[in-house]
Amino acid sequence: MNKNSYTGINPAVVRIAKSAARRVIGKYGLIESDLPDLEQELVTAGLKVIERFDPEKSRENTFIARVVESKIIDLINQRQAECRDWRKCRDSLNQTVTLPDIGVIEKIEMLECEQNCDPLLILDVTLILERLPPDLLELCQVLKYCDRNEALEGYPVSRSTFFRRLQALRDIFLQAGLAEKFSLKTLPPLV
């Protein structure tokens with residue numbers, strides 16, 4: 001609905017819905033371009049129930065505000081239920097990535113790569129690997145094929161540098177919120 005399409009509609013519903021919509025922009029993954037759709041959803045929710053308003057029970061503004069707030073809660077719950085955590089998902093699934101064993105593919109294809117694994121975990125780990133500095137990425141590649149002790153023997157840096165890099169990797173994965181996805185045995189131990 002554009003601005004002019006609200007003529008003839010209860011002005012309190014429009015005013016409260018627009019105000020509520022502006023308050024939630026920037027939160028829960030809602031961005032400025034979501035504003036018109038959100039306003040329309042909230043106005044529609046208010047209009048559907050306005051005929052049930054009873055002036056003996058509350059004021060009209062209070063009634064409308066409760067209906068609009070309830071609709072916002074429903075929309076946020078739906079949004080969070082149907083997608084990944086919006087705070088972690090900043091990249092498009094149509095961007096391409098290069099995987100050592102596979103080649104260049106779109107991130108969305110990674111979700112279908114392997115049947116016996118968590119596709120979101122694959123995507124999260126890949127996003128982390130893309131942002132690693134070269135030294136940490138190299139260490140990840142080594143750790144992919146051998147355990148920590150084997151990597152330490154064959155890795156061309158001092159023992160202290162190896163463990164410092166290992167700790168940096170651990171911190172990066174923990175900060176990304178992936179601790180619950182890995183067993184404690186999989187993540188490098190604290191040094």
For ILE73, what charge total do you get from the other residues with a beta carbon under 14 Å from its beta carbon, if Lys and Arg give +1 and Asp and Glu give -1?
+2
Taking a crude spin-label model, label points 7 Å out from Cα along the C-beta direction, the ASP147 to ARG170 distance in nm is 1.6
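Given R₀ = 41 Å, FRET efficiency for GLN95-GLU56 by Cβ-Cβ distance, to 0.05?
On the way: r = 57 Å, r/R0 = 1.39.
Once rounded, the FRET efficiency stands at 0.10.
Values in this text are rule-based calculations from the coordinates and carry no lab data. Please read all numbers here as calculations on a predicted model, not as lab measurements. A quick note on method: Cβ atoms are made from the backbone with ideal geometry, for glycine too, and the neighbour counts reach across all protein chains shown.
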